[in-house]
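Read-outs: derived from the displayed coordinates by stated rules, not from any lab. Please read all numbers here as calculations on a predicted model, not as lab measurements. Note: ideal-geometry Cβ built from the backbone for every residue, glycine included; neighbour counts use all protein chains shown.
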Amino acid sequence: MSHSAQDIAERIDQLLSIDFPDREVIDIAYPAFRKHYGAPLSYLAAKALAGVKRGQIVFIATGFVNRPRVDTIIAESDGPVGAAVLARAVHLGLGAVPVILIEEQIIPAMARILHACGLRVLELERAKRCADPSITQDGVAILASPTDWEEAEKQAIRLLQTEDVGAFIAIEKGAANPAGEVLFSRGRKCTPTVGKIDPFVKLCRDKGIPTIGIGDGGNEMGMGNAGGILRSLMKYGDPQYNGGIVPAQETDYVVPVTVSNWGGYGIAAALAALLDRPDLIHDEATERRMLLAASLEGLIDGVTGTTLPTSDGLGEGVHVAIVTMLRAIIGVGVPRTDWPGSAPAG
């Protein structure tokens, strides 16, 4: 018995919304957004991406400076690893040109993670050449995301005027609340150190370009969707916490997950199911390489502060296991003919 891409995405959502670290966010966020959208959230995001045409740019914004009171060079591994997986999936599956938007000081770490994922970091004009199917080179570009509001808006206007943009994705990317402040997940301000993508998302929506937000804490771009429903459901959504952590700007789609990186994996897996391309989800060896690359570049586990190859307080083995299970969900390594209903008649 074969399953539709939507059925497969249902299982992806179920896996990625288990509250392994007992953080008490995903159990609130996922049901709220699922009720609002009425379908598996990874499926809706993947379906939007499936409309991207070969050669179009897919912007992927990520990066979170995590210990600014110590040094603004310290950022977390959650987000960049998932961004690399998304970049790989949209390039291999759609022929799109992935372009990462990230704070300038995190660019070296992002580049190393992308290289560990199999993509060569290039200047934007050269990365565009890799959309040609006759060229055997998987390319990606990285642009610095300005922390200044005015500069961020100028960048967004310029890029949307000069480039053919197919989609915009934000993964583990802080966004401004109704008071104009970007907050950590427990209500502390971090506005000055975060690359501002709110103007970019607004302009994309105005132009009808699909926008997707991925988050795990309630303070990331996309988590303000459904009319900001999380403001009344989450403790730190309350305005008493510096205006509340929930962003004001909405995206077209949102994928709330237990760990933001996993949202990137989940959308890649759902896209693999839609396109019947199991290779679009990375393998366990690639996951280990990316976590190690993040570690060697000094990206930290946002929960523990360690530079070991962990993320969001969960060990390397947990993240590798998630990849294994996602691959099984889309059929990699699962002998379908051995299961009832799948065997040929006779």
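The structure shown yields Cα extents along the principal axes in Å, and of the options [x] 66, 45, 35; [y] 67, 45, 40; [z] 58, 45, 37 that calculated value carries the label [y]. With contributions of -39500 (n - 2.57) from each DSSP H run of at least four residues, the per-residue ellipticity at 222 nm computed over the chain stands at -12000 deg cm²/dmol.
Between Ala328 and Ala248, the contour length at 0.36 nm per residue exceeds the alpha carbon distance by 25.1 nm.
Given their separation in residues at 0.36 nm each and the Cα-Cα distance between them, Asp164 and Lys189 gain 5.5 nm when the chain is fully extended. Taking packing as the residue-averaged number of other Cβ atoms within 10 angstrom, the listed peptides 120-132, 4-16 run from highest to lowest as 4-16, 120-132. Protection proxy ranking, highest mean first, for peptides 26-35, 290-299: 290-299, 26-35, where packing is the per-residue count of other beta-carbon atoms within 10 Å, averaged.
Here the extension length gained between Arg277 and Glu151 equals 41.5 nm, from 0.36 nm per residue of separation less the Cα-Cα distance. With Cα atoms defining each centre, region 184-204 and region 45-114 are spaced 16 Å apart in the structure.
Classify region 68-171 as rounded, prolate or oblate, taking a ≥ b ≥ c as the square roots of the eigenvalues of its Cα gyration tensor: rounded when a/c is under 1.5, otherwise prolate if a/b is larger than b/c and oblate if not. Cα axes put region 68-171 in the oblate bin.
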